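Quick note: the coordinates plus some simple rules give every number you see, no bench work behind them. Here the structure is a predicted model, which is why all the values come from computation and not from measurement. Virtual Cβ from ideal backbone geometry, glycine too; neighbours counted across all protein chains shown.
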Protein chains: 2
Amino acid sequence: MRFVIGVDVGGTTTAAGVVSEGGEVLLEEQSPTHGDGPDTSGATIARLATAMSRRAAEERLPVAAVGIGVPAIVDAAGRIGEAHHVADLTGQTLGPALGARLGLPVFVDNDVNALALGEWTFGAGKGARSLVVLAAGTGFGAGIVLDGRVVRGAAGFGGELGHVPVKFDGRACWCGGRGCLAVYASGRGIGEAGRAAAAATAGAGLRAAAGGDPARVTAATVFAVAAAGDAVAGAIVDEAVRALGALLATVVNGLNPEVIVLTGGVAAALAPLEPRLLAVAASHAFRQALASTRISIVPSDKRLTVRGAAALALQELRSAPANRRGHP
Amino acid sequence: MRFVIGVDVGGTTTAAGVVSEGGEVLLEEQSPTHGDGPDTSGATIARLATAMSRRAAEERLPVAAVGIGVPAIVDAAGRIGEAHHVADLTGQTLGPALGARLGLPVFVDNDVNALALGEWTFGAGKGARSLVVLAAGTGFGAGIVLDGRVVRGAAGFGGELGHVPVKFDGRACWCGGRGCLAVYASGRGIGEAGRAAAAATAGAGLRAAAGGDPARVTAATVFAVAAAGDAVAGAIVDEAVRALGALLATVVNGLNPEVIVLTGGVAAALAPLEPRLLAVAASHAFRQALASTRISIVPSDKRLTVRGAAALALQELRSAPANRRGHP
């Protein structure tokens, strides 16, 4: 029996664990990502991974590798692209230094790719040939696993479904695009729509819930005010449901995976609207394609993302060294 | 050296050829698909495949298998789904009967999947890890090849990119969906938009080009009238470009393939607008993702689709018998 260390790097919290080959998270630790200052997420990762390695040794659990999921594009050499929430990781290749320090191979990938691999290996997609994870949180990430392989694409952008246009003449997105799914169905997009609505005359309900200051409206405000029956907030939530339903259909008709996992804070907020969401997806998708795809809303859980990072390490260990990400 | 027979079944014309393992189409024959009546596409396929088999024998070319591309969803058992343009094939499994008649294994798949495999094996995607073919003709088909495997999905719908919503609150589509790409960027969709515009007061240019009868407007009318400077027809063409550009971005951001091949009659009609199309794609896609994807407009050519059907047969021959489509 061997074990791996999984590390999930979030914009706020970083979690690490020692994970068995069966996907069991045995030891766990969390820390604020930027606890020692904004530029120290690399130090946080190293500290947590080292702590896990030490604790595993104490428990006599043999650790074979480290997997790290980061909220950014990661190229095949393990180099981290623009990382908005962990800016000091941008351009870094964590593997070599951390690997030397721990005496273990270190594999790095996008966090939602890792989560998707974890769900495919151990979770909602276990036994399925294909799975897509849609992570609707502050941003909108996704991971695609087909026949056990993460679809990373030519430059690591595979699975960036948060920035596919669901309305080609829609609103401008912060990514520079237009009509992206994330504009409608991510926390950031819903918050922006809420603030815009709160600044208009009709947005009195949203304004009041934010203490009269439109700038203080967040996605959580929009969901709460909509749930209380406010029509303006309700329209924003309904637009999120329609856009997300359209994306579900894009995935169902375009890839027809056996399993779609919908997770993240926005997915959790939309869970009560699941029947409406599935009805929207059905209004866009081929009936037979939708019937052959199982859609699950799975609550966010740091254990799942840690397990995903571990699944990444386990998969890379099984690859021929020359085919490994970053070749550690 | 061995050879395979490739058969491409179209709504109007069916083409067959004897193809080398290097992708060379050596002998070729075409026939109207429904030459002997609307219900006889199966007979046309059998006749052409038999003729190819006989001619190959005359030329002493040893044939190992037959690959057939059909304009429909095909499930893993080789059963053809709803085939709008070759209705008599719906529900059929061509392999067993034709295979027994020819004494050869027969493999059947969706025509654009076959074309994508052919382009990946022999054409624009040769040497690439991943390729997506977008075939914009009367309808809109697509095929996705990742790491040499066609993405067929749980029920054979993988790659149905013509019916992903590019505008979630857009126009109703004949598939029952809404805002599908095909509504905006297929011959059928452009023709429908042209007829609707020709029936309105502003559509005088389209009406005149169709001899005064709005019902006679086709996609070709729309392209011709737009090229002559008519603003109403131009707006329809521009909408097609914007929708197709958005789909290109969906593919680039969602799958980030190394190669995208755009083909079919509508793609040919849009070829003069390629700079505008790529600019629209760039306005939606991540810059680095787009930079890592090569986009080619490839003219439609029956040889390419015949070669694609042959590539399918060659790939299946290399698979373990138990993993073959339809297990012939």
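How big is D for region A:22-89, in µm² s⁻¹ as a whole number, if Stokes-Einstein is applied with the Kirkwood radius of its Cα pairs at 37 °C and 0.692 mPa s?
242
Along its principal axes, what span do the Cα atoms of the protein assembly as shown show, with the longest given first and each in whole Å?
Extents along the principal axes: 76, 63, 39 Å.
Once you charge only the Cβ atoms, +1 for Lys and Arg and -1 for Asp and Glu, what is the size of the charge dipole of region B:129-297 about its Cα centre, to the nearest 20 debye?
180
Within a Cβ distance under 13 Å of A:Ala124, other residues only, what is the Lys/Arg minus Asp/Glu net charge?
Residues near A:Ala124 contribute 0 overall.
Considering the dipole of the protein assembly as shown built from charges on the beta carbon (Lys and Arg +1, Asp and Glu -1) around the Cα centre, which of B:Val261, A:Gly265, A:Val225 is farthest to its positive end?
B:Val261
With only Lys, Arg, Asp and Glu charged, each at its Cβ (+1 for the first two, -1 for the last two), find how big the charge dipole of region A:212-326 is about the Cα centre; round to the nearest 20 debye.
560
Hey, which lysines would be in cross-link range of B:Lys302, C-alpha to C-alpha under 24 Å, not counting anything within fewer than 8 residues on its own chain?
Straight-distance partners of B:Lys302: B:Lys126.
On a C-alpha basis, how far is the centre of region A:263-288 from the centre of region B:193-252 in Å? Whole number, if you could?
Answer, in whole Å: 34.
What is the fewest-to-most order of B:Val225, B:Val306 by other Cβ atoms lying within 10 Å of their Cβ?
Ascending number of Cβ neighbours within 10 Å: B:Val225, B:Val306.
Take chain B, connect every pair of alpha-carbon atoms lying under 10 Å apart with a spring to form a Gaussian network, then pick out the residue of B:Pro272, B:Pro165, B:Pro105 with the largest mean-square fluctuation.
B:Pro272
Give, in whole angstrom and from largest to smallest, the semi-axes √(5λ) of the equivalent ellipsoid of chain A, with λ running over the eigenvalues of the Cα gyration tensor.
They are 35, 23, 17 Å, listed largest first.
To the nearest 20 debye, what charge dipole does chain A have about its Cα centre, counting +1 at the Cβ of each Lys and Arg and -1 at the Cβ of each Asp and Glu?
Around 420 debye, computed over chain A.
Given contacts defined as C-alpha pairs under 8 Å and at least six residues apart, what's the relative contact order of region B:234-296, whole-number percent?
Rounded, it is 54 percent for region B:234-296.
Using DSSP H assignments, which helices in chain A have an axial alpha-carbon span of 30 Å or above and a mean Kyte-Doolittle hydropathy of 0.0 or higher?
What comes out of the filter, once short or polar helices are dropped, is A:231-254.
When Lys and Arg each count +1 and Asp and Glu each count -1, what net charge do the other residues less than 15 Å away from A:Gly158, Cβ to Cβ, add up to?
Once positives and negatives cancel, what remains is -2.
Restricting to DSSP H runs of at least four residues, report the calculated mean residue ellipticity at 222 nm for chain B, -39500 (n - 2.57) per run over all residues, nearest 500 deg cm²/dmol.
Only helices count here, giving -12500 deg cm²/dmol.
Output the relative contact order of chain A, whole-number percent, from Cα pairs under 8 angstrom with separation of 6+ residues.
Computed value for chain A: 20 percent relative contact order.
With 10 angstrom as the radius, rank A:Ser41, A:Ser296 by how many other C-beta atoms surround their C-beta, starting from the fewest.
By the 10 Å Cβ count, ascending, the order reads A:Ser296, A:Ser41.
List the equivalent ellipsoid semi-axes of region B:129-297 in whole Å, largest first, each obtained as the square root of 5λ for an eigenvalue λ of the Cα gyration tensor.
In descending order, the three semi-axes are 29, 17, 13 Å.
Using +1 at the C-beta of Lys and Arg and -1 at the C-beta of Asp and Glu, which of A:Val66, A:Ile80, A:Ala43 has the Cα lying farthest in the positive direction of the dipole of the protein assembly as shown?
A:Val66
Checking the cross-link filter: which lysines have an alpha carbon closer than 20 Å to that of A:Lys167, excluding same-chain neighbours under 8 positions apart?
Straight-distance partners of A:Lys167: B:Lys167.
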